[in-house]
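The values are calculated or read from the model by the stated rules, or taken from the named source; none is laboratory data. Source: prediction; values computed, not measured. Positions of Cβ are backbone-derived with ideal geometry, glycine not excepted, and every protein chain shown enters the neighbour counts. Ligands, DNA and RNA are excluded from the accessible area calculation, which covers all protein heavy atoms including side chains. Shrake-Rupley method; radii C 1.70, N 1.55, O 1.52, S 1.80 Å.
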Amino acid sequence: MNGPSRTFTPGGPLRGTIAVPGDKSISHRALMLGASALGETRISGLLESDDVRATAAALRAMGVAIERDGADWVVQGLGTGGLMSPRAPLDMGNSGTSARLLSGLVASQDIAVTLTGDASLSRRPMGRVIEPLSRMGAEFRSRDGCLPMTVTGAKRAIPIAYRLPVASAQVKSAVLLAALNTAGTTTVIESETTRDHTERMLQAFGAKLESGAEDGAKVIRLKGESGLRGQNVMVPGDPSSAAFFIVAALLVEGSDLTIRNVGMNPSRAGLLAILREMGGAIEIAAEREAGGEPVADLRVRQSTLAGLDIDPALAPSMIDEFPILFVAAALAEGTTRTTGLGELRVKESDRLAAMAAALGTIGAQVEEHSDGLTIHGTGGAPLAGGGPVPTRLDHRIAMSMAVAGLASTRGVTIDDASPIGTSFPTFIDTLERTRA
Ligand code: S3P
């Protein structure tokens, strides 16, 4: 909360063509699978942000060579089970993905690792990975299920069959990463589909992984100790970063913005579907595949949006996009209701409380419930603006309220712009370019 405050004021339309940085989820996984493979992994389009740097630094501290080579990043893999105990605690910064996925990777290796994090991450629950990874034989010491936490990996991990009690790609991925160095077949069952980047990338690296639908659930089976081979990975643009520019272009008068190379994985595409249903003019062009993931170019034009009741079944496919959806809803015609969003209370901040307070401060009509928000939109009239609104060490609150500032009368001040570096360090520059 000690970074620079910043004010985002209304201005001209967003125009031209931009690209957003690499996908955060895929970037973490590319580094971790590269580290676990035999041979070299070359990654293009890796997100260079604070969260991904935390993963890279942690892997380096466990013996992995990771270097930039021109525009690419190159990882010299140690093979599954090849990590070494680091000499000092590993700082995960703000990154829940680093903390939970690396816990999985370490859980089946004969090493011990202490993970620490910033004030936001140190409040987030780790019990959800401690539980399945303990069953696999890892040992954990933590402060009430939160960081700091020490993970001692199992010398011979045990394969488990695990039904996810929460819809969480991080928990699924932690178990699958632990399974890589576990003899036998580990099974993960998810009743709500979450992002499947881990499964896709494991297959591309040669893992013996099968997945399919059984009794209405997705069942993933991974045969451990079968080895990964280094790959070339192309990281698509992050749809969760594109989301801020999509909503900004929909809201700001006269905007016509093209965003190139956006990840279109169906397990991430919920926001696009909702915004189009609300009346957003979003054209999807040049659909193609890059590095095992679907991508496309998006053309977004300013539109009149209508409020909507959001089906909670869509939540996993847009879990990181609710803060910016709430901004769109605050300027739509009519009422938007969301439910089933309890998970938002344990993200980088309590995103229901943070967005209800921030939008209320700048003049939006918002009601907070235990598991969602109800928002009465202005029908397109600008919000009053104001602030400073607290960003609570949460990059997505910071960027959502920045976008709200563009659609306000007086502008919106956020108390701390530094969390933006977590996922989208070039956000402010890109915004300035689209309005130049
Ligand atoms: C992520 C999964 C989601 C998401 C997070 C990234 C991932 O978290 O919110 O930003 O890379 O697996 P949960 O697994 O907690 O839903």
Check your understanding: Is it the case that some residue within segment 325-338 is open to solvent by 10 Å² or more (accessible area, probe 1.4 Å), closer than 27 Å to VAL235 by Cα and in the same structural domain as HIS376 (by TED's automatic domain parsing)?
Key -> no
Point to revise | Subset of segment 164-218 (residues that are away from the ligand (no atom under 16 Å from the Cβ), on the phi < 0 side of the Ramachandran plot and among the charged types (D, E, K, R)) | key: LYS208, GLU210, GLU214
Review point. Taking into account only those residues within segment 105-119 that are open to solvent by less than 10 Å² (accessible area, probe 1.4 Å) and under 23 Å from the mean Cα position of the chain (by Cα), which is farthest from SER134 (Cα to Cα)?
Key: LEU115
Exercise for review: Filter segment 82-104 down to residues that are in contact (Cβ under 8 Å) with a residue 40 or more places away in the chain, surrounded by 19 or more Cβ atoms within 10 Å (Cβ to Cβ) and not in a helix (DSSP H, G or I), then give me how many there are.
Suggested key: 5
Study note, to complete from the structure: Counting only residues in segment 192-211 that are open to solvent by 30 Å² or more (accessible area, probe 1.4 Å) and in a helix (DSSP H, G or I), the one nearest to PHE326 (Cα to Cα) is identified as ARG200
Check your understanding: Within segment 243-278, how many residues turn out to be over 16 Å from PRO21 (Cβ atoms), in contact (Cβ under 8 Å) with a residue 60 or more places away in the chain and of a type outside the set (A, V, I, L, M, F, W, C)?
Key -> 7
Check your understanding: Looking at (1) in contact (Cβ under 8 Å) with a residue 24 or more places away in the chain; (2) within 22 Å of the chain's Cα centre (by Cα), which is the one condition that is false for GLU289?
Key -> (1)
Point to revise | Single residue of LEU373, LEU393 found to be open to solvent by less than 60 Å² (accessible area, probe 1.4 Å), touching a Ser or Thr at 6+ places or on another chain (Cβ under 6 Å) and not in a strand (DSSP E or B) | key: LEU393
Exercise for review: Say whether the condition of being in contact with a Pro (Cβ under 7 Å, 6 or more places away or on another chain), open to solvent by 10 Å² or more (accessible area, probe 1.4 Å) and outside any helix (DSSP H, G or I) is met by at least one residue in segment 307-324.
Suggested key: no
Exercise for review: Would you mind finding the one in GLY379, GLY405 that is in contact (Cβ under 8 Å) with a residue 12 or more places away in the chain and part of a helix (DSSP H, G or I)?
Suggested key: GLY405
Exercise for review: Identify all residues within segment 120-161 that are open to solvent by less than 20 Å² (accessible area, probe 1.4 Å) and within 14 Å of the ligand (Cβ to nearest atom); write none if there are none.
Suggested key: SER120, LEU121, ARG124, MET126, VAL129, PRO132
Point to revise | Selection from segment 105-119 of residues that are in contact (Cβ under 8 Å) with a residue 60 or more places away in the chain and within 16 Å of the ligand (Cβ to nearest atom) | key: LEU105, ASP118
Review point. Taking segment 1-28 as the search range and keeping residues that are out of contact with any Lys or Arg (no Cβ under 9 Å at 6 or more places or on another chain) and among the charged types (D, E, K, R), which one is nearest to GLY421 (Cα to Cα)?
Key: LYS24
Point to revise | strands (runs of 3 or more DSSP E) contained in segment 1-69 and holding at least 1 residues buried (at least 24 other Cβ atoms within 10 Å of the Cβ) and modelled with pLDDT of 95 or more | key: 6-8, 38-44
Review point. Within the group GLU348, GLU432, GLU367, which residue is open to solvent by 10 Å² or more (accessible area, probe 1.4 Å), free of Cβ contacts under 8 Å to residues at least 12 places away in the same chain and outside any helix (DSSP H, G or I)?
Key: GLU367
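Okay, residues lined up against (1) among the polar types (S, T, N, Q); (2) away from the ligand (no atom under 16 Å from the Cβ); (3) farther than 18 Å from HIS197 by Cβ:
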position	(1), (2), (3)
ARG6	no, yes, yes
PRO10	no, yes, yes
ILE26	no, no, no
ALA37	no, yes, no
VAL64	no, yes, yes
TRP73	no, yes, no
Check your understanding: If you scan segment 408-429, which residues turn out to be open to solvent by 10 Å² or more (accessible area, probe 1.4 Å), more than 12 Å from PHE8 (Cα to Cα) and outside any helix (DSSP H, G or I)?
Key -> PRO425, THR426
